[in-house]
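Structure, as structure tokens:
The values are calculated or read from the model by the stated rules, or taken from the named source; none is laboratory data. As the structure is a prediction and not an experimental result, all values here were calculated from the model. Methodologically, a virtual Cβ is constructed for each residue, glycine included, from the backbone with ideal geometry; neighbour enumeration extends over all protein chains shown.
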Amino acid sequence: MTFVIVTHVPHSIQQDRYFAYSPYVREMNIWGKYVDELIVVAPVNKISKTAIDSHYHHESIEFVVIENFNVISFKSSMAAILKIPKISWQIFKAMQKADHIHLRCPGNIGLLGCFIQILFPYTPKTAKYAGNWDPQSKQPWSYRLQKWILSNTFLTRSMQMLVYGEWENSSKNITQFFTATYSESEKLPLTVKNIKGKIQFVFVGTLVVGKNPLYAIQLVENLSNKGYNVHLDLFGEGEQRSLLEEYIQQNVLEKIITLNGNQAPERVKEAYRNSHFVVLPSKSEGWPKAIAEGMFWGCVPLATAVSCVPFMLDYGKRGILLEMKLEKDVAELESLLGNQSDFDNMRRKAADWSRNYTLDFFEQEIKGLLRQKKQIEQ
């Protein structure tokens, strides 16, 4: 089987190996176990691989290098108009070779793939929509267009759409899916976490406005001002790093806030294991990987009620749904910190739920998708 991946994820090439963001590559390596050839259609950047990158393991990979583009300004839009014909032709030629087409959405490259896949109605296809599928959420027009094309069973045939969460009035080609990080063998007993001593928080994500890392800092800062012995580790890099560094310095928070930058998965896993809470006050998510990972290791999640997060937290039974009102969120957190039994019960429920979604289960689901021979009924 020739498996064609169309993605916006930037790659780097070193010593004839193709590197990209580890969670994405880890997932694609599982798909790759059950196909004969991978054709990856993706942009390449000139930046060397980082601590959060890994490489494909497949022995037969054809890499089709395409240019990236955006339409966020007039100048970039004009440049995109010139690039799109060539990129579209490259995607079309790759899809011609496919026994199975796999789109990664949302993204500009994914949007082109959504249009071009219409020309291949009989080729089995899957599309992983890694963003927020909530039809009520405010999203860019390009995201809404991708969702409309992919869920339109007249335009999009032989397709299984993989989305996060359960949504009413979904089309017949929608399948609820998930993302996994850890295996069955990693289901170690949860460590004891006493809330009477030092309380450890962890934030894992890109340091950008949409992830609200500053709010995570202010949450912990507020608790510290109330006399709690707290510490927050932030993992990730992004455009807000300098702003966060300035805030930490101005408010003399160096003893309770640590910016760790990008770190290897084992280092992040150790932080989860040692933390009481995982924090993600994000404005938008698909499947918030950091929340699911933290829950796996017994962290109580503190997250905003976006996308499928309420479902993940069982509407407040497996964690705290942040309202982004500092005093109110701190008060709810204080209430939990006042009762060890409630804390233990919540973290156990969080771990029990997250540990259903292992890499082993994920692999079985992928095998099922690839084995399916019948086209989706139109």
Exercise. Name the one entry in Gly113, Gly107 that is within 24 Å of the chain's Cα centre (by Cα) and either at pLDDT below 95 or surrounded by fewer than 15 Cβ atoms within 10 Å (Cβ to Cβ) (or both).
Key: Gly107
Quiz item: Of the residues Ile81, Ile101, which single one is farther than 25 Å from Thr175 by Cα and among the β-branched types (Val, Ile, Thr)?
Solution: Ile81
Exercise. Among the residues of segment 10-33, write down those that are in contact with a helix residue (DSSP H, G or I) (Cβ under 7 Å, 6 or more places away or on another chain) and modelled with pLDDT of 95 or more.
Key: Ile30, Trp31
Quiz prompt | Glu254 being among the acidic types (Asp, Glu), in a helix (DSSP H, G or I) and either loosely packed, with under 15 Cβ neighbours inside 10 Å or touching a helix residue (DSSP H, G or I) at 6+ places or on another chain (Cβ under 9 Å) (or both) | solution = no
Quiz item: Counting just the residues of segment 1-55 that are part of a loop (DSSP other than H, G, I, E, B) and among the acidic types (Asp, Glu), which one comes out nearest to Ile101 (Cα to Cα)?
Solution: Asp36
Quiz item: Which one of these is crowded, with 22+ Cβ neighbours inside 10 Å, farther than 17 Å from Arg348 by Cβ and at pLDDT 95 or above: Val268, Val300, Val278?
Solution: Val268
Exercise. Test Ser282 against the criterion of being closer than 30 Å to Ser54 by Cβ and free of Cβ contacts under 8 Å to residues at least 40 places away in the same chain, and give yes or no.
Key: no
Quiz item: Among the residues of segment 209-228, is there at least one that is under 30 Å from Arg371 (Cα atoms) and aliphatic (A, V, I, L, M)?
Solution: no
Quiz item: What is the number of the single condition among (1) assigned to a loop (DSSP other than H, G, I, E, B); (2) crowded, with 17+ Cβ neighbours inside 10 Å that Glu168 does not meet?
Solution: (2)
